[in-house]
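Single-structure report; data block below.
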Amino acid sequence: MASTAFNGRCSASNPPSSKAPNLHAGPWRVVSLAAITVAAVSFAASTAMAQRSYAPTSTVYRVPVGKAPVLGPSGALVTIVVFADFQCPFCARALTTTIPALMKKHPKEIRLVFRHMPLAFHRFAQDAAEAAAEAHRQKKFWTYAALLWQNRRNLTTATLRTLALQAHLKAKAFAAAMQRHSMRSAVASDVQFGHTLGVRGTPTFFFNGVKIVGAGRLARFEAVYQAQAKRARAALKRRGITRKNLYSELIKHGVTRPTRSRIVSIHRRPPGRRWAPKGSSSRIVVDDRPILGNPRAPITVLWFTSLRCYAFYSNLQRWIDATRAYDGLVRLVFKHLPGTRRPIELPLARLAVEAYREGRFWTFATLASAARPYTIRSALAVARDAGLVPARAQAALHASITMKVVQEDAREAYRLGLTNRSCSYLVFPAVGGHTDAIRGYTYTTAIRKRISAALDRLRSVGKTQPPP
């Protein structure tokens, strides 16, 4: 894990805002070589997808308050649960400007609940989340959160400690919690729950269980509030429902995971080249996979590779820089493609799946590709260094869910015809259904030229901006 133009969800392609917010001023297996498929989706389909993901859905999710930080009365008409990242500029904007303004406009009718969703792209987000969780344990979450928003560009360990003193936290308890990472499990629990609910970017809100993604304008949130307040008032007329149990009744029959996955259709030219897969089209599932860049970008790069592969290690930073340089128009989706050359590759892929589930994929991927472990013991050491929960990492090596994800990606790669381990494949389904293709091993000038050509085709039909 979005205003009217796509600038309201936090991602590597969106630079932070320069304005310092103030809460009180207003409250991302296995082959020996990489295989890549790039898909430029038609702009109209991409725009429609973006609108569906940004606009409030009719689905009600069961999102309990639990022991999360709460701001506002327990009997509020509308309960807003937000998944946020303390380094995300859009979270800062929403939670220091828009939501406080909405709460001020409707006093005693809105309750705000905070849940953690630190993004792997943000270097200090995990530590900041753990620090905030400790502040919550000391019952000073909102005071400390305000200071984190104000200093989101410089959330180093030293800064976190300084802010703890300013928030009058118990210094020794705070230092011990940060040193021992005692709040890591609490943060990981929020992240795992968010992923179950389909949270892929920040901020993501749930208004009485109805999801809305991104830091929209006040008028947009006002419209969502009015609809949910009306629903709440209607529920209060039913027997046995009071303000005290209103929210639990509103979400009682809600779902706990998305009802359908987001699909990207890739249309190819008729088969004729040796590498082209059979069939006129394929459907690529990009949900529940690590993503670099704008999650709704019109150009999608599918990277089938192994963390143990040197090509991954040598190209990761290039792709990070590329997704930023293309200003929200290109996203990179990581896919596993199992191989048998190195026995460690399958366990490493399963650990990567667990890392994604804990919100630490890109940290784990970077460390694993650099360390290039040969044994399960060394792979578990990398997982520990990346911040994975040791017991969960050990269990992931045998869990059916991690194997299922790896197998799904491998089957998808073979269905796409990605069987030649000495080549990478890039396909650009252009506007109008035409496709260009190129073989490449690394992120090279040729690849950049193909991406630029796809962008030119978008511009030729007047689609020069990322979807809103």
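Tabulated values for the structure
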| quantity | calculated |
| --- | --- |
| Matching entry among Thr143, Thr96, Thr159 (being more than 18 Å from the chain's Cα centre (by Cα) and within 26 Å of Leu197 (Cα to Cα)) | Thr96 |
| Residue check, Ala349 outside the structural domain of Gly201 (by TED's automatic domain parsing), crowded, with 17+ Cβ neighbours inside 10 Å, of a type in the set (Gly, Ala, Ser) and over 30 Å from Lys449 (Cα atoms) | yes |
| Selection from the stretch 220-262 of residues that are farther than 27 Å from Asp288 by Cα and among the polar types (S, T, N, Q) | Gln226, Gln228, Thr242, Asn245, Ser248 |
| Qualifying residue in the stretch 321-329 (condition: at pLDDT 75 or above, within 27 Å of Arg384 (Cβ to Cβ) and surrounded by 21 or more Cβ atoms within 10 Å (Cβ to Cβ)) | no |
| Pair list, Cβ < 7 Å and 6+ apart or interchain, from the stretch 357-380 residues that are at negative phi and not assigned by TED's automatic domain parsing to the domain that holds Ala311 to residues that are of a type in the set (Val, Ile, Thr) and assigned to a helix (DSSP H, G or I) | none |
| Residues of the stretch 390-412 satisfying the condition of being under 18 Å from Pro290 (Cβ atoms), surrounded by fewer than 21 Cβ atoms within 10 Å (Cβ to Cβ) and touching a helix residue (DSSP H, G or I) at 6+ places or on another chain (Cβ under 7 Å) | Arg392, Met403 |
| Enumeration of residues in the stretch 111-147 that are among the charged types (D, E, K, R) and over 26 Å from Leu77 (Cβ atoms) | Arg123, Asp127, Glu130, Glu134, Arg137, Lys140 |
| Selection within the stretch 88-120 - part of a loop (DSSP other than H, G, I, E, B), closer than 24 Å to Val191 by Cβ and of a type outside the set (A, V, I, L, M, F, W, C) | Pro118 |
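For every residue, the table says whether it meets (1) closer than 29 Å to Ala223 by Cα; (2) at pLDDT 90 or above.
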position: Phe114; (1), (2): yes, yes
position: Ala131; (1), (2): no, yes
position: Glu134; (1), (2): no, yes
position: Phe141; (1), (2): yes, yes
position: Val191; (1), (2): yes, no
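The values are calculated or read from the model by the stated rules, or taken from the named source; none is laboratory data. From a predicted model like this one, the values you see are computed outputs, not experimental measurements. Virtual Cβ from ideal backbone geometry, glycine too; neighbours counted across all protein chains shown.
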